[in-house]
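Notes follow once the structure below has been shown.
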Amino acid sequence: MTRRRIALAVAVLLLALFPLTGSAFYTELVTKVMILAIFALSLDLLVGYTGLVSFGHAAYYGVGAYVLGLMAPKYEAANLWLTLPVAIAVAGIAALAVGAFVVRVKGIYFIMVTLAFAQMFYFVFHDTAFGRGSDGISMNFKPTAAIGAFVPFDLANATHVYYFVFVLLALVFVFLRLLLRSTFGRALQGIRSNEHRMRSLGFPVYLYKLASFGIAGALAGLAGYLYALQFGFVNPELLSWHQSGNVLLMLILGGQGSLIGAVVGAFAFVAMEEIYSAVTTHWQLLLGATIIALVIFLPGGLASVAQRFQRKLIGGPPNE
Amino acid sequence: MSDALFTTQGLTRRFGGLTAVNDVAIALHRERLHAVLGPNGAGKTTLINLLSGDLPASSGRIFYKGGDISRLPPDRRSRLGIGRSYQKTNIFPAFSAFENCRLAAQSRAPRVFAIVSDALAQVPVCDAARRALDAAGLSARADMIASALSHGEQRQLEIAMVLATAPDVLLLDEPLAGMGAEEAQLMIELLRKLKTEHAILLVEHDMDAVFAVADTITVMVNGQVLESGPPAQIRASAAVRSAYLGDEAPG
């Protein structure tokens, strides 16, 4: 346990000090990775802890991004403190609306209907004027963090954005840690372990799954908002099944069922993207080969490398 | 004479052309153990599935504490105080024995909105879990991962989990399945203890166990009730002997 805590503390310290390296390119890259880590963490709650494999999670990521895109005025900056909560709420509500239907089915059917709903969302943004169509929305200004006259940080400054995202990533991580240790979180893990038994013990399983789906959607919306904040541009591809697939791949890479795994997976995914695309234009081939190799030889994902030498004698649901 | 806590009327379940349970009437009373015997395929497990809500009935009704529960799903019935154990061990294999029981106990105090406070800090739930483990004789094994327990210990855990939900009615499906003689004896002792506080329906193959603890025995054959009454009546019944007991009538 303590060895893990030390490793975690070191990683947090490295992340906190990273912008001091001075490279603008890498600061923005790591910001991008941290945003994807929040996205991956949100899906991990569903997949790794509730046992619901969603292939349509990008829908809520995209909704969060589009909330900023649609709320951003043309000639002035949107307010962070107004638009961010709205993005989280709208994404969460969208997830609850879809969840009310999809959570009724299991296994492969669940995967299919989550994909189907995500495709519906995608086409609404792609084909209708609601989201300004396939061209997407370009924002002329970064949101402002002003509260009245006081401006705590400047979101046009890449280093400020880095730390803003860093703090949010830490908050999401801590929130999920606490959630998973709570009675609610333990019930979710019970559902993943043996849903039938949970029902026979008196748990209203449908409601628990629905709540998990909603929370996961809300957190995905947060990640999507941050994406829109960083890039200043949203388009329907944010809701595509490629995006849903990528975030699932991050969990496979890093190992589901551990929060660290989601973060490690996001880093590994982007790292491979960067490294392989420098080697060849067919980098996706290399990425696919790596993932296949990992699934065969390291099914627990990259985060399980440390665990392989730990013998578990004490029980309790899988947590850190 | 205690009043009937749990009764069924004309309970029937069909699967296409096959009638697995046909027009069964059962009554369970507080502090009484009602055993159901029958050869394989008699419909005993289907009967328990109907009572617990795992299977909906084709026709007939189920009453509990005066209310009609026939249409209620398993989780509702459980919350009303009907606990069920499974013939095929149905636990959380990756969790410790303690966590298995703690989850079961948590179902009575779910505290759904307490999403950031530690579940292990909920003392009443943890205490209920420890008491259930104690009653089933598993205190020494509390911290072992359930999948690492012996088969007999897993059957004990199966019972402990039901007890942790503090039910009024126990529906037990072959709790002695696969147990050795010593473990079976412990389980029979446990059943005797449980009888003092619950209404029990026991489906079992172990003849000695049944005759040791049952107040009423119902014998089922091909989905129908062949005979129902006190153990002495069943033991003496020629119809039962020829249909089921054969040459092994217990003395």
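A short reminder: the numbers here are calculations on the coordinates, not readings from a lab. Source: prediction; values computed, not measured. Ideal geometry is used to build each Cβ from the backbone, glycine not excepted, and the neighbour counts take in all protein chains shown.
Computed over chain A with a Gaussian network model linking Cα atoms closer than 10 Å, the most mobile of A:A303, A:A40, A:A77 is A:A77.
Volume per residue of the convex hull around the Cα atoms, evaluated for the stretch B:148-251, comes out as 118 Å³. At each listed q (0.08, 0.09, 0.12 Å⁻¹), what is the log10 of I(q)/I(0) that the Debye formula gives for the protein assembly as shown modelled as equal alpha-carbon point scatterers? The Cα Debye sum returns log10 ratios of -0.65, -0.77, -1.11. Entry for the stretch B:90-166 at q = 0.14, 0.20, 0.25, 0.27 Å⁻¹: log10 I(q)/I(0) = -0.38, -0.75, -1.09, -1.23, Debye formula applied to identical alpha-carbon scatterers, no solvent contribution. Shown for the stretch A:27-241 is the translational diffusion coefficient from the Stokes-Einstein equation, using the Kirkwood radius over Cα pairs, a temperature of 4 °C and a viscosity of 1.567 mPa s: 73 µm²/s.
Distance distribution P(r), the stretch B:1-149, all Cα-Cα pairs, bin width 10 angstrom from 0: 10, 31, 31, 22, 6, 0 percent. Per residue of chain A, the DSSP helices (runs of n ≥ 4 H) give a summed -39500 (n - 2.57) that works out to -23000 deg cm²/dmol at 222 nm.
Provide the gained length on full extension for the span A:R3 to A:Y109, in nm with one decimal, where the gain is 0.36 nm per separating residue minus the Cα-Cα distance.
Details: separation 106, 0.36 × 106 = 38.16 nm, distance 4.05 nm.
My answer for the length gained is 34.1 nm.
Using a Gaussian network model of chain A in which every pair of alpha carbons under 10 angstrom is joined by a spring, one finds that among A:Y227, A:Y61, A:Y208 the greatest mean-square fluctuation is at A:Y208.
Remark: chain B is approximated by an ellipsoid whose semi-axes, taken from the C-alpha gyration tensor as √(5λ), come to 31, 22, 16 Å, largest first. The antiparallel fraction among DSSP beta bridges confined to the protein assembly as shown stands at about 55%.
Counted by Cβ distance under 10 Å from B:I69, the other residues give a net charge of +4, where Lys and Arg count +1 and Asp and Glu count -1. Working from Cα pairs under 8 Å separated by at least six residues, relative contact order for chain B is 27 percent. What FRET efficiency comes out for B:K65 versus B:Q233 if R0 is 22 angstrom and r is the Cβ-Cβ distance? Round to the nearest 0.05. That pair, B:K65 with B:Q233, gives E of 0.20. Loop-located trypsin sites (Lys or Arg not before Pro) in the stretch A:41-112 (DSSP state not H, G, I, E or B) with no more than 11 neighbouring Cβ atoms inside 10 Å: A:K74. If I model a spin label as a point 7 Å beyond the Cα along the Cα-Cβ vector, how far apart are those points for A:V167 and A:Y26 in nm? Here the modelled spin labels are 2.5 nm apart. Loop exposure criterion: trypsin sites (Lys or Arg not before Pro), DSSP state outside H, G, I, E and B, at most 16 other Cβ atoms within 10 Å. Applied to chain B, the longest stretch between such sites is B:112-251.
Springs join every pair of Cα atoms under 10 Å in this Gaussian network model of chain B, and among B:T196, B:T45, B:T12 the largest mean-square fluctuation is at B:T196. Think of the protein assembly as shown as a dipole: +1 on every Lys or Arg Cβ, -1 on every Asp or Glu Cβ, centred on the Cα centre; then among A:I275, A:G265, A:H57, A:H57 lies furthest on the positive end.
Length, then width, then depth: along the principal axes, the Cα atoms of the stretch B:72-201 run 46, 33, 24 Å.
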